[in-house]
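Participant: I have a structure I would like to understand better, so I am pasting it below and will then ask my questions one at a time.
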Amino acid sequence: MNNTEQMSVMELRVKDVKSKNVLSMVAFLISILSAAVLSIIEGNVMKIALYGSEFVLLLGGFFVIRFIKKHFFYSYYLVIIAYAYTFIGIFLLQGSLAFTVIIFFLLVLSTIFLVRTVFWIGFIAGAIALYLNSVIVPEGVEYLGENISTVLATYILAGLLCGILIHLNRKQYSHIEGFLHRTEELVTKEEEARASLERNVADIIQRITDMNRNVQDNILSQREISIAINEVAVGSSEQNEKITDIAQSSQGTLQQASYMLVETKDLLEKFGQSSETAAKGNNLLLELSSNTGELRDYTEELSETFNALSNKIAEINTFSQSIIDVSQQTNLLALNASIEAARAGESGKGFSVVAEEIRKLAEDTNEAAEKITSNLVEINQTNNTALEKMSTNVDMSHENLEKTEQVKDAFQELADYLSEMNNKLTGFEQLATSVKENSSVVDAATNDLAAIIEETSASLEEMGATVENLNDQNEQISEEMKHTETVAKSLINENDKQE
């Protein structure tokens, strides 16, 4: 018996056991519920507790065994729990006719599973229970003990019938299993033959399919290659156009580089001239700075001379004031002499004339001294004005000299900048020369590349035509392979229909 047969028989047994478990559980639970309802009506708390706990154990055990998938154990569990509670009921409630009926019911329940071990457990436990039920009896039911032999005989006959039923069922079940085994063997042989045919045809189909797939992949690859070649050819044409544009741009760049080189040289010459002009300006500024310094020195000397002249004028003013004072004293003395001459009369006339002349001379001297003083005041004012202007000139000379120094520094900085720019322009001229040379090389290389791309485009067009021919041939092969695959599949379908 192979694994498939074992699985089929086992599945049949499991299915049968599961259905019997459900049937026996439902039947027994219905009986328990009926007894529990009757106990509730009677108000017997002990019976209610006994039937309720039995109901919970049987129902809980059913789901636990179903969960762990040990379905064959439930028949043992059910019979053991049922007889255990029967014994407990006999000891607690004492024997009664109801227990006798329950024991016969449990015998039938033990027989439902059609398992010898379960039956013998139930049969033996039932016989013991019948004996206890006839021994432990309350008053009023002594007939159970008096009729124990009849009850046991009836119980044994019922057990014999149940045993015969189990034996016949097992024998019938063995015939069914044998028939099932033979049927499965025939089915297995036919299945193996059909499977062998299907494997062979499937292998052929698989090989044809693989070959067809490879051909299709080859066709797709060749189509992709053809598309890629066409794209490359188009790209080569576009590249050729781009290369032509690049060549034209390169020529334009070469011309611009030449023009830039000429402009750079011209700019270098102009920067050279600017540098020379800046150097000349710097030299002139040096001369201007020197002359400004000399002018400042001359102005300072002239200012000192004017200061000395102002001092001399001040001294002359002092002398002029002394002359004025002397002339005033002389005038006063002449006046006194005239007064004294007038007192002397005729003898003092000559002295009076002299005194008058002295007075006139004193007045003339005083007038001359005052004029000199007035002129000196004007000269002094003019000199002060000249001194102020000379001081202003000296300050301006200092300021001009400082600004000349600043301009000289600016010219020096400009000369440095021009020198740096000259160096950079020299480097730029070298770069422009290098760009011109590189542009010439790029122009030549671009022309060569354009020629190569034209040759490549022609070769790609020839290759594309070859790939198209290969695609046509592969498509013909693919059609033949599809036809062969269709024929092989039709053979399998006909074989399935025959089966």
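The values are calculated or read from the model by the stated rules, or taken from the named source; none is laboratory data. Remember, it's a predicted structure, so these values are computed and weren't measured experimentally. Cβ coordinates were reconstructed from backbone atoms using ideal geometry, including for glycine residues, and neighbour counts include every protein chain displayed.
Participant: Taking the conditions exactly as written (assigned by TED's automatic domain parsing to the domain that holds Thr244, surrounded by 12 or more Cβ atoms within 10 Å (Cβ to Cβ), assigned to a helix (DSSP H, G or I) and modelled with pLDDT under 70), does Lys436 satisfy them or not?
Facilitator: In short, yes.
Participant: Still on this structure: So is Thr318 surrounded by fewer than 15 Cβ atoms within 10 Å (Cβ to Cβ), polar (S, T, N, Q) and either in the same structural domain as Lys389 (by TED's automatic domain parsing) or out of contact with any Ser or Thr (no Cβ under 6 Å at 6 or more places or on another chain) (or both) or not?
Facilitator: yes
Participant: Working only within segment 317-334, note down all residues that are among the aliphatic types (A, V, I, L, M) and modelled with pLDDT of 75 or more.
Facilitator: Of everything in segment 317-334, those that are among the aliphatic types (A, V, I, L, M) and modelled with pLDDT of 75 or more turn out to be Ile323, Ile324, Val326, Leu332, Leu333.
Participant: For segment 36-45, indicate whether the set of residues that are of a type in the set (Ser, Thr, Tyr), loosely packed, with under 15 Cβ neighbours inside 10 Å and closer than 26 Å to Ile128 by Cα is non-empty.
Facilitator: no
Participant: Would you confirm whether or not segment 104-114 contains a residue that is surrounded by 17 or more Cβ atoms within 10 Å (Cβ to Cβ) and not in a helix (DSSP H, G or I)?
Facilitator: Yes, the conditions are met somewhere in segment 104-114.
Participant: May I pose another question? If you take the residues in segment 275-303 that are β-branched (Val, Ile, Thr) and crowded, with 17+ Cβ neighbours inside 10 Å, which one is farthest from the chain's Cα centre (by Cα)?
Facilitator: Applying the filter and picking the extreme gives Thr299.
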